[in-house]
Amino acid sequence: MEWLKIFGSEEEARAKIKENIPQLVIAENKRICLALHEGAFYAVQDSCTHSGESLSKGKVNYLGEIICPWHNYRFQLSTGTACDSSCRDLVTYPIRSDQSGFFIEYENSEEILSEYKTIATQHSAEFGAGCVDVQYCTGTVFDRRKNLAGTDEPSGWPSGQITKHP
């Protein structure tokens, strides 16, 4: 995990991020949706797990949920949890602010690749060789195939956007 400096200070962050208006942050080629709700900052993946639309184009409601602008899917900013359980939860990113700046913590690509390779090996052993094909690209884009049990995601499969990418 690495901490990436987004703003020089929390005051600068508060001046640029308006209450309940999500803002897109591109950090190390990763799209992150940053929001301020009731005085607290939250960072989640920018891509809706239902349709892939940018959540930074959406809005934050009074319950602290970010709402996708396409189909109104809702996710808790604090946990990333999908409010109606019909799609995967969002990836959340810890935020830290101190005298040296305002930071978002994220996993770099090599750490993500290592984690997914380990999970693919575990699932191949559990569901049979070749049932999970993980192809590394950039960020968190991977190939997903049905396992032998006929479900899309074996137990323990990480959340986030999982799609085929050559």
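The values are calculated or read from the model by the stated rules, or taken from the named source; none is laboratory data. For clarity, every value in this text was computed on a predicted model and none was experimentally measured. In this analysis, Cβ positions are derived from the backbone assuming ideal geometry, glycine residues included, and neighbour counts consider all displayed protein chains.
Being over 13 Å from residue 22 (Cα atoms) and touching a helix residue (DSSP H, G or I) at 6+ places or on another chain (Cβ under 7 Å) is the filter here; which residues of segment 49-106 pass it?
Within segment 49-106, 97, 102 qualify.
When you scan segment 13-26, do you find a residue that is free of Cβ contacts under 8 Å to residues at least 40 places away in the same chain, assigned to a strand (DSSP E or B) and crowded, with 19+ Cβ neighbours inside 10 Å, even just one?
No; the residues of segment 13-26 include none that is free of Cβ contacts under 8 Å to residues at least 40 places away in the same chain, assigned to a strand (DSSP E or B) and crowded, with 19+ Cβ neighbours inside 10 Å.
Would it be correct to say that residue 4 is modelled with pLDDT of 95 or more and either buried (at least 19 other Cβ atoms within 10 Å of the Cβ) or not in a loop (DSSP other than H, G, I, E, B) (or both)?
Numbers: modelled with pLDDT of 95 or more: no; either buried (at least 19 other Cβ atoms within 10 Å of the Cβ) or not in a loop (DSSP other than H, G, I, E, B) (or both): yes.
Spelling it out, it is not the case that residue 4 is modelled with pLDDT of 95 or more and either buried (at least 19 other Cβ atoms within 10 Å of the Cβ) or not in a loop (DSSP other than H, G, I, E, B) (or both).
Restricting to segment 49-63, what's the tally of residues that are crowded, with 17+ Cβ neighbours inside 10 Å, polar (S, T, N, Q) and in contact with a Phe, Trp or Tyr (Cβ under 9 Å, 6 or more places away or on another chain)? Give the derivation first.
So the first thing to find is which residues in segment 49-63 are crowded, with 17+ Cβ neighbours inside 10 Å, and the list is 49-50, 55-56, 58, 60.
Next, only the ones that are polar (S, T, N, Q) stay: 49, 56.
Subsequent filtering for residues that are in contact with a Phe, Trp or Tyr (Cβ under 9 Å, 6 or more places away or on another chain) retains 49.
Number of matching residues: 1.
If you take the residues of segment 64-87 that are part of a strand (DSSP E or B) and not acidic (Asp, Glu), which of them is surrounded by the fewest Cβ atoms within 10 Å (Cβ to Cβ)?
At the first step, the residues of segment 64-87 found to be part of a strand (DSSP E or B) are 65-67, 74-76, 82.
From what's left, not acidic (Asp, Glu): 66-67, 74-76, 82.
Details: 66: 27, 67: 19, 74: 16, 75: 29, 76: 18, 82: 20.
Ranking the qualifying residues of segment 64-87, first place goes to 74.
Suppose the filter is over 12 Å from the mean Cα position of the chain (by Cα), among the acidic types (Asp, Glu), closer than 25 Å to residue 3 by Cα and modelled with pLDDT of 95 or more; does residue 28 pass it?
Taking the combined requirement at face value, the residue does not satisfy it.
Whether any residue in segment 88-98 is in contact with a Gly (Cβ under 7 Å, 6 or more places away or on another chain), assigned to a strand (DSSP E or B) and either surrounded by 13 or more Cβ atoms within 10 Å (Cβ to Cβ) or without any contact (Cβ under 8 Å) to a residue 12 or more places away in the chain (or both) is what I want to check.
yes
Is there any pair linking a residue in segment 39-61 that is touching a residue at least 12 places away in the same chain (Cβ under 8 Å) to one that is of a type in the set (Asp, Glu), with Cβ under 7 Å and at least six apart or on different chains, and which?
Matching pairs, first to second residue: 54/46; 55/46; 56/46.
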